[in-house]
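Structure first, then comments.
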Amino acid sequence: MPPEEETSPKMASNTFCGPCSRKETSSTALSWCSDCEEPLCKECVDAHRVIKVSSAHHVVDLEHALSVPGAITTSQQYCDNHTDLFLDLFCTYHDALCCRACMTEYHRNCETIIPIDIASKDIKDSTLLTDLSEELDNIITSSRQIADVRRKHSDSILEQENTLKQTIRKAKDNVIAHM
């Protein structure tokens, strides 16, 4: 990726619009298109929304995209059933991702189908994430405790081995001395 298209958080203020860069002009990017996977300036966002092919693309504020870990580097996933369509919707009834074709075929009677960006908006504050994080902390704590117990048992076995060797050595020396 050329330096003018860098998208790391440190480069947010220096990020240039992808389409403008290809036209050899430098416009500061303000938005990110997750479908095209490139930064866009205001004029290109306006054009993006007008052109039929890109009008349904997911365009978000660049600062927001940079603040979400993996948002820019992670590509969208394609639907397994409709391999030419992205998984861009979320069915709350089935708790499943789906594409626009799946929505009409399999989720026609589902009450709430929302765009992924809305469904994932407050995921960091969700109860599920908090519960999973606590469970992970408990697993890590248990693993450390198990490792400590194993280490103590290993040390105890080595200590018993040394004691047993000394006892055998003394018994051997006593037997030899009595002969």
Which listed residue (V60, F90, H178) has the Cα farthest towards the positive end of the charge dipole for the chain, taking +1 on Lys and Arg C-beta and -1 on Asp and Glu C-beta about the Cα centre? H178
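Report the convex hull volume per residue for the chain, counting only C-alpha atoms, in Å³.
Hull volume normalised by residue count: 244 Å³.
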For the chain, give the magnitude of the charge dipole about the Cα centre (Cβ charges: +1 Lys/Arg, -1 Asp/Glu; no others), in debye to the nearest 20. 1000 debye
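Given 0.36 nm per residue, what is the gain on full extension from I123 to D173 after removing their alpha carbon distance, in nm? Write down the numbers at each step before the final one.
Details: separation 50, 0.36 × 50 = 18.00 nm, distance 7.17 nm.
Gain on extension, I123 to D173, equals 10.8 nm.
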Restricting to DSSP H runs of at least four residues, report the calculated mean residue ellipticity at 222 nm for the chain, -39500 (n - 2.57) per run over all residues, nearest 500 deg cm²/dmol. -15000 deg cm²/dmol
Ignoring GluC sites (Glu not before Pro) that are buried or in helix or strand per DSSP, and keeping those with at most 13 other beta carbon atoms within 10 Å, what is the longest stretch of the chain between them? 25-110
Within the chain, longest stretch clear of exposed trypsin sites (Lys or Arg not before Pro) (DSSP loop, no more than 16 other Cβ within 10 Å): 24-107
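Under 1.5 on a/c is rounded, so check that first for the range 76-121, then, if it is not, pick prolate when a/b is larger than b/c and oblate when it is not; a ≥ b ≥ c are the square roots of the alpha carbon gyration tensor eigenvalues.
On the way: a/c = 2.23, a/b = 1.14, b/c = 1.96.
Here the range 76-121 falls in the oblate category.
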Mind listing the lone cysteines of the chain, meaning no other Cys beta-carbon sits under 4.7 Å from theirs? C44, C91, C110
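Give me the extension gain from H58 to I139: residue separation times 0.36 nm, minus the current Cα-Cα distance, reported in nm with one decimal.
On the way: separation 81, 0.36 × 81 = 29.16 nm, distance 3.71 nm.
Contour length minus the Cα-Cα distance gives 25.4 nm.
Quick one: grab the alpha carbon gyration tensor of the range 122-179, order the square roots of its eigenvalues as a ≥ b ≥ c, and give me rounded if a/c is under 1.5, else prolate or oblate depending on whether a/b is larger than b/c. Intermediate values should be presented prior to the final figure.
Working: a/c = 14.57, a/b = 12.13, b/c = 1.20.
Prolate is the answer for the range 122-179, as a/c is 1.5 or above and a/b outweighs b/c.
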For K152, the aspartates and glutamates lying under 17 Å Cα to Cα, once residues fewer than eight places off in the same chain are dropped, come out as E161
Cα gyration tensor category, rounded, prolate or oblate, for the range 37-127 with a/c compared to 1.5: oblate
Taking Cα atoms only, helix 127-178 is inclined relative to the longest principal axis of the chain by an angle, in degrees rounded to 10, of 20 degrees
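Every number in this text was worked out from the coordinates using simple rules, so none of it is lab data. Computed from a predicted model, the values in this text were never measured in an experiment. Every residue, glycine as well, gets a Cβ built from its backbone with ideal geometry; the counts of neighbours run over all protein chains shown.
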